[in-house]
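> I have a structure here, written as structure tokens, and I will follow up with some questions on it.
The values are calculated or read from the model by the stated rules, or taken from the named source; none is laboratory data. In this text the structure is predicted, and so the values were computed from the model without any measurement. FYI the Cβ positions are ideal-geometry reconstructions off the backbone, even for glycines, and counts take in every protein chain you see. Ligands, DNA and RNA are stripped out before the accessible areas are found, and what is left, the full protein with its side chains, is counted by its heavy atoms. Shrake-Rupley method; radii C 1.70, N 1.55, O 1.52, S 1.80 Å.
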Amino acid sequence: MPKPSRGFDGLVVKAWRGRDYRLTVRDSRYVTDHCLRLSFDTGELLDHLPVHPTMWVRLWIPNGRKLQQRAFTLVDPDPRARTTDIEFALHDGSPATEWARAAEPGDTIDATVLGTRFTWPQPDPSGYLIVGDTASLPAINSLLAELNGIPARVWLEWQHEDDQKLPVSAAPGTEVTWVQRTDAGAGLVKTVEEAAFCARGRHAWVACDTKTTRRLVGVLRDRYQLDRKAITAMGYWRP
Ligand SMILES: Cc1cc2nc3c(=O)[nH]c(=O)nc-3n(C[C@H](O)[C@H](O)[C@H](O)COP(=O)(O)OP(=O)(O)OC[C@H]3O[C@@H](n4cnc5c(N)ncnc54)[C@H](O)[C@@H]3O)c2cc1C
């Protein structure tokens, strides 16, 4: 059987000098019926890279005879133990879901590091406005864990009832609102639009599907008068 190919994505990542690593599955457990957490040995991945909140890698997921790169967030990366977890938001028609469900201890997957970076806003904002969903919840939890007492208001979109049981690293001063995904994300946009908060001095971090993310950035700028520099936004998946 020919080796699955990385195709055009592989060439691009190589041209940008992405660094390749191999992860080995240690363990897997369901957090909910729609979230699967895998633990990995990281090999050399964490040996030279400083760990930062929202840190992510490109996993090369098998899809037929091809490999497709998909971004996943490192959960509790531990450079000393050379381990990390990754939480997969499970959904239909997803090669990543298929791979994660079938993964067993000893299985390997390649990961490329390219593009992950993080800087805290300077000076500290008076508070954070965070909008995401189950795909970005691992990144959001890594942010919430390091807010050092700065208050945050968080909106999370759910698609399955049990999504709301997912752990959120909310310290005192963090207000979390779960919003059901309706009208391809329009329900979440409307909820944030109607929340009527004062955004002065705050920093927003937004990561939903690409379209919803764009619309939320528009709301934060137009309705809440947030400067573009006070908004960090990235589409996490394509609807
Ligand atoms: C920086 C970054 C970090 C990320 N971290 C994580 C993470 O830790 N955990 C995680 O689960 N995801 C994470 N994501 C999102 C993940 O990369 C995408 O969801 C990706 O599309 C998953 O690939 P797939 O094989 O599941 O589906 P694809 O082959 O990309 O798409 C197949 C189908 O699934 C649909 N789909 C894709 N994602 C979702 C979703 N979340 N909900 C509903 N339908 C979907 C698509 O619209 C399409 O119809 C991250 C994305 C980014 C950019």
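> Could you check how many residues of segment 203-239 are out of contact with any Ser or Thr (no Cβ under 6 Å at 6 or more places or on another chain) and part of a strand (DSSP E or B)? Break it down into steps so the answer makes sense when it comes.
Here is the first cut: in segment 203-239, the ones out of contact with any Ser or Thr (no Cβ under 6 Å at 6 or more places or on another chain) are 203-204, 208-232, 234, 237, 239.
Keeping just the survivors that are part of a strand (DSSP E or B) gives 203-204, 209, 231-232, 237.
Residues in segment 203-239 being out of contact with any Ser or Thr (no Cβ under 6 Å at 6 or more places or on another chain) and part of a strand (DSSP E or B): 6 in total.
> List the pairs whose first member sits in segment 136-154 and is not assigned by TED's automatic domain parsing to the domain that holds residue 205, whose second member is within 10 Å of the ligand (Cβ to nearest atom) and assigned to a loop (DSSP other than H, G, I, E, B), and whose Cβ atoms are under 9 Å apart, counting only residues at least 6 apart or on separate chains?
Once the first residue is not assigned by TED's automatic domain parsing to the domain that holds residue 205 and sits in segment 136-154, no partner that is within 10 Å of the ligand (Cβ to nearest atom) and assigned to a loop (DSSP other than H, G, I, E, B) comes close enough.
Residue by residue, here is whether (1) open to solvent by less than 70 Å² (accessible area, probe 1.4 Å); (2) away from the ligand (no atom under 14 Å from the Cβ) holds:
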{"site": "157", "(1), (2)": "yes, no"}
{"site": "171", "(1), (2)": "yes, yes"}
{"site": "185", "(1), (2)": "yes, no"}
{"site": "200", "(1), (2)": "no, yes"}
{"site": "204", "(1), (2)": "yes, yes"}
{"site": "207", "(1), (2)": "yes, no"}
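> Still on this model: Looking at (1) within 17 Å of the chain's Cα centre (by Cα); (2) part of a strand (DSSP E or B); (3) surrounded by fewer than 18 Cβ atoms within 10 Å (Cβ to Cβ), which one does residue 57 not meet, given that it meets all the others?
(3)
> When residue 93 is evaluated against the numbered criteria (1) surrounded by 14 or more Cβ atoms within 10 Å (Cβ to Cβ); (2) within 7 Å of the ligand (Cβ to nearest atom); (3) not aromatic (Phe, Trp, Tyr), which criterion, by number, is the only one it fails?
Among (1) surrounded by 14 or more Cβ atoms within 10 Å (Cβ to Cβ); (2) within 7 Å of the ligand (Cβ to nearest atom); (3) not aromatic (Phe, Trp, Tyr), residue 93 violates only (1).
> Follow-up. Listed residues 117, 70, 82, 65; which is among the charged types (D, E, K, R) and within 10 Å of the ligand (Cβ to nearest atom)?
Working: 117 fails: within 10 Å of the ligand (Cβ to nearest atom); 82 fails: within 10 Å of the ligand (Cβ to nearest atom); 65 fails: within 10 Å of the ligand (Cβ to nearest atom).
Criteria check complete, one pass: 70.
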